[in-house]
1. Please list, in order, the residues from segment 36-62 whose amide nitrogen is less than 11 Å from a point placed 7 Å along the Cα→Cβ vector of Leu69.
2. So between Val6 and Thr38, what do we pick up on full extension, going 0.36 nm a residue minus the alpha carbon distance?
3. How high is the relative contact order of segment 1-61, in percent, with contacts defined as C-alpha pairs under 8 Å that are six or more residues apart?
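Bear in mind that the values in this text are calculations on the coordinates, not laboratory data. All of these numbers come straight from a predicted model, not from anything done at the bench. FYI the Cβ positions are ideal-geometry reconstructions off the backbone, even for glycines, and counts take in every protein chain you see.
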Amino acid sequence: MNEETVLSALKAIAFSDFTDYIRIEDGELRVKDSSQLTEAQRSAIAGIKDTGKGVEIKLHDKQKALELLVKYLGLFDRPEEDAAIRVELADIPEEWTE
């Protein structure tokens, strides 16, 4: 397993969408045929089970995948100085200082 493989899997999980797996057709919920799923879509699936009333599809944790990607990309590792708001005052007119 290499870095590219891990990043691809995290990306698949982080950006997965329920419409990748189901569709609503004529008011009925339908599960997409697994042969129509991409490798990335399949890798986002944590489990599938038949509940007796239908199929339950559980996806891997999107929030955790996003957190790991943000950490890897260093999006929140900026120095506090960069995040601070700076206000610089121009010369104050004399009439305001009286």
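1. 62
2. On the way: separation 32, 0.36 × 32 = 11.52 nm, distance 1.65 nm.
Separation in residues times 0.36 nm, less the Cα-Cα distance, equals 9.9 nm.
3. Values: 54 pairs, mean separation 18.4, N = 61.
The normalised contact order for segment 1-61 reaches 30 percent.
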